[in-house]
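The values are calculated or read from the model by the stated rules, or taken from the named source; none is laboratory data. Small disclaimer: the values here were computed from a predicted structure and weren't measured. Don't worry about glycine lacking a Cβ; one is built from the backbone with ideal geometry, like all the others, and counts go over all protein chains shown.
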Amino acid sequence: MKRIVISLSIILAVALASFGIGALQVHRFMVTELSVPANGVGFEIPSGSSFSAVARQLVDKDIIDSDRLLRLYARWSGAASAIQAGDYLIEPGATPKSLLQQFMSGAVRLYSFTIIEGWNNRDLLAALHANDAVSASMTDEDWPGLLSELGADVAHPEGLFLPETYRFPRDTTDRKLLAQAYALMQAVLADEWAARDDSAPAKTPYEALILASIVEKETARADERQRIAGVFARRLEKRMRLQTDPTVIYGLGPQFNGNLTRRDLRTDTPYNTYTRRGLPPTPIAMPGRAAIHAALNPAPGKELYFVATGLADGSHSFSETKAEHDAAVAAYLRRLRQRPKQGG
């Protein structure tokens, strides 16, 4: 009997020692950093994948040396049945343990898409569809339906999506990204409208968006936005035509060839602010928050005119009188004529 007890004790001790050694091996494996490139490595778990298939794929991609300890830990911890399908980015510093936690939480790789200030709706949709991570689900004909889904009270998409960088998982639809951009624009517009200056000429938030889109297209200089908005505010107050080229160009649409002519300026469209008073019927581009702020907080002053200086800094010359403006235009044209000589 004593020998039996001793034998069982020895067997139990060996078993415990083996278990302890095995547990230590598993622990060391699970907390050892993986060999991952500095920019990380992509890893996709298809929907319906078994954990064994995922573990084998990790070996095949040289992310781990062996899947035996990983499968052992995953079964013991319950992680094997909790991983989520998706497109992941395994980053430097990851360990098998953190990798399992990433797969269980569904922390998939995020891609980015940036809406640029001044884009129009055609630019926006084309850029969305050029992004490989975006799932295209709509065409130009689908704008009215999307706007209806979003609860917009206008039927034209121009100006309704905030220029910003958006982060999203692969295969996010264009509609979902546009919904995010629309919601953010509505929030920013509401904030800026609530804090608007009394001198702002816009009677509604949508009018503010229209004016902001014109400011956005007129200048990329932060120090000029409110000044240009001030010129437009005073012209609107005096019932002067805005006479701004970007609205004319927008009204010409895709047929515009890049060369704005006098004939174009005389061609009447709803967007021609040389032939019509007031604001155009819709925005002409996607304005950023800075342009919206400028439109609702125009700079005070007496200036009624501005024209490009023709300098490389993109600046404008501002004038209070038509005579001053004509002189500024003449200076701009002289500078343009001098450019080929300087280039030669």
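In table form, for the structure just shown:
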read-out: Qualifying residue in the range 112-123 (condition: surrounded by 14 or more Cβ atoms within 10 Å (Cβ to Cβ), part of a helix (DSSP H, G or I) and either in the same structural domain as SER213 (by TED's automatic domain parsing) or modelled with pLDDT of 95 or more (or both)); value: yes
read-out: Search result, residues across the range 73-92 that are aliphatic (A, V, I, L, M) and surrounded by 17 or more Cβ atoms within 10 Å (Cβ to Cβ); value: ALA74, ALA79, ALA80, ILE83, LEU89, ILE90
read-out: Residues of the range 217-258 that turn out to be surrounded by 19 or more Cβ atoms within 10 Å (Cβ to Cβ), part of a loop (DSSP other than H, G, I, E, B) and in contact (Cβ under 8 Å) with a residue 60 or more places away in the chain, as a count; value: 2
read-out: Counted residues, the range 193-213 - those being assigned to a loop (DSSP other than H, G, I, E, B) and in contact (Cβ under 8 Å) with a residue 24 or more places away in the chain; value: 7
read-out: Residue list for the range 281-293, restricted to those being part of a helix (DSSP H, G or I) and farther than 16 Å from GLY230 by Cβ; value: ARG289
read-out: Test: residue in the range 192-202 that is within 22 Å of ALA299 (Cβ to Cβ) and aromatic (Phe, Trp, Tyr); value: yes
read-out: Filter result for LYS322 (surrounded by fewer than 20 Cβ atoms within 10 Å (Cβ to Cβ) and basic (Lys, Arg)); value: yes
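Yes/no per residue for (1) in a strand (DSSP E or B); (2) in contact with a Pro (Cβ under 9 Å, 6 or more places away or on another chain); (3) in contact (Cβ under 8 Å) with a residue 24 or more places away in the chain:
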| site | (1), (2), (3) |
| --- | --- |
| LEU260 | no, no, no |
| LEU279 | no, yes, yes |
| ALA295 | no, yes, yes |
| PRO300 | no, no, yes |
| GLU303 | no, no, yes |
| ASP313 | no, no, yes |
| ASP326 | no, no, no |
| ALA330 | no, no, no |
| ARG334 | no, no, no |
